[in-house]
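Enquirer: Take a look at the following structure, please.
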Amino acid sequence: MPADFHGKVQYFGNHSGEVVATVPGTPRRTDTKCPKREGGCPELIGGSFQAELEFDGDIVKGEYRGTGGMRPSSLIGRRNGANCRLFDTADGSVWNGRCDREAFVGTVRSVANAPEQIDLAFEAVGVNAVDFFEQERTRELIAAYERFGGIAFGEGAGEARLDALLRLNSYFVPEGQGYRPGTLRNVERQSEKKNSPDYAVYGEYNTIDGARAWARARFDYNRFVCLETSIEPGTCRPIDPTPPPLETGGDFFAELGLPRLTPQAVGEAQGL
């Protein structure tokens, strides 16, 4: 995961460990009973574990929940490479371990004055990742399809259609090498035979970084086939007439049949 990654990763796995109540009256997490009148019996917990972490550079925040005695809460902290040190916002417990696109694995230890002392291990794999930069880029591309797709994949030809195709193609080439709108010139139709249904529309333009470039869009009975540019001469690339889907990651907890966390829900789960 890049150091400047801005996005979220969703994880699914399991947890296991024990909880020791250190303050009399602290409610137990499961239905197991403690035979000691004064309490103090370790309580084994374990089950499934779901988490969603949001990364903004080295800042990490997120939420988690699970079954088998795990109470839902949220986390905040930092990462150094793939190593995370996070703090539970409810009880201050420290989560240490690995957090990246592939996995969220580690241990949980309580702070000394916490009502409960937790000794927990968790292991979860990344099941979905959303890059916010790529997400915004996809939104821009979808907007470009809405504005120029009808022209690019319509029945017209000539300068307007080549302009629209170049605008869409700019999202698929390296930054700076895309088409600078308004610079298209010297547009001409090319074909081996006059009035041939198999033809090309050629034009010259400037890239975003100021370089001179050319493009040749090929058509068959006015149906767009592919686009060749001086960025990749000799390669004629198709452009999908359908915009890409926007990956949002969805509501991970809702998909698992679990409500998303609210301060009230956290308090109720912790017996507050």
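The values are calculated or read from the model by the stated rules, or taken from the named source; none is laboratory data. Given the structure is predicted, the values throughout are model-derived calculations rather than measurements. With ideal geometry, Cβ positions are generated from the backbone for all residues, glycine too; neighbour counts draw on all protein chains shown.
Enquirer: Only one of these is among the hydrophobic types (A, V, I, L, M, F, W, C) and over 26 Å from the mean Cα position of the chain (by Cα): Val105, Val94, Val111. Name it.
Expert: Val111
Enquirer: Considering only segment 150-167, state which residues are surrounded by fewer than 20 Cβ atoms within 10 Å (Cβ to Cβ), hydrophobic (A, V, I, L, M, F, W, C) and closer than 18 Å to Trp214 by Cβ.
Expert: Passing the criteria: Ala157, Ala160.
Enquirer: Going by the structure shown, is Ala144 outside the structural domain of Cys41 (by TED's automatic domain parsing), in contact with a helix residue (DSSP H, G or I) (Cβ under 8 Å, 6 or more places away or on another chain) and either buried (at least 17 other Cβ atoms within 10 Å of the Cβ) or not acidic (Asp, Glu) (or both)?
Expert: yes
Enquirer: Here's something else I'd like to know. Give Arg180, Arg167, Arg223, Arg137 a once-over and let me know the one that is under 30 Å from Phe5 (Cα atoms) and modelled with pLDDT under 95.
Expert: Matching residue, one of Arg180, Arg167, Arg223, Arg137: Arg137.
Enquirer: Select from segment 43-77 the residues that are part of a loop (DSSP other than H, G, I, E, B) and surrounded by 15 or more Cβ atoms within 10 Å (Cβ to Cβ) and list them in ascending order.
Expert: Gly68, Gly69, Met70, Arg71, Pro72
Enquirer: Test Gly149 against the criterion of being of a type outside the set (Phe, Trp, Tyr) and either in a strand (DSSP E or B) or at pLDDT below 90 (or both), and give yes or no.
Expert: no
Enquirer: Sticking with this structure for a sec: Which ones in segment 76-110 are among the hydroxyl-bearing types (Ser, Thr, Tyr) and closer than 17 Å to His15 by Cβ?
Expert: Ser93, Thr107, Ser110
Enquirer: Within segment 89-111, is even one residue buried (at least 20 other Cβ atoms within 10 Å of the Cβ), out of contact with any Phe, Trp or Tyr (no Cβ under 8 Å at 6 or more places or on another chain) and within 23 Å of Thr32 (Cα to Cα)?
Expert: There is at least one residue in segment 89-111 that is buried (at least 20 other Cβ atoms within 10 Å of the Cβ), out of contact with any Phe, Trp or Tyr (no Cβ under 8 Å at 6 or more places or on another chain) and within 23 Å of Thr32 (Cα to Cα).
Enquirer: Within segment 1-32, restricting attention to residues that are more than 20 Å from Phe104 (Cβ to Cβ) and assigned to a strand (DSSP E or B), which residue is modelled with the lowest pLDDT?
Expert: Out of the qualifying residues, it is Ala21.
Enquirer: For residues that are assigned to a strand (DSSP E or B), closer than 17 Å to Ile231 by Cβ and among the acidic types (Asp, Glu), tally how many sit in segment 175-209.
Expert: Residues flagged as assigned to a strand (DSSP E or B), closer than 17 Å to Ile231 by Cβ and among the acidic types (Asp, Glu) within segment 175-209 amount to 1.
Condition check ((1) touching a residue at least 40 places away in the same chain (Cβ under 8 Å); (2) within 29 Å of the chain's Cα centre (by Cα); (3) more than 30 Å from Ala21 (Cα to Cα)) across all residues:
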residue: Ala129; (1), (2), (3): yes, yes, yes
residue: Gly178; (1), (2), (3): no, yes, yes
residue: Asn186; (1), (2), (3): no, no, yes
residue: Arg189; (1), (2), (3): no, no, yes
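Enquirer: Now a separate question. Take Ala217 and tell me if it is more than 22 Å from Pro243 (Cβ to Cβ), modelled with pLDDT of 95 or more and either surrounded by 18 or more Cβ atoms within 10 Å (Cβ to Cβ) or more than 38 Å from the chain's Cα centre (by Cα) (or both).
Expert: no
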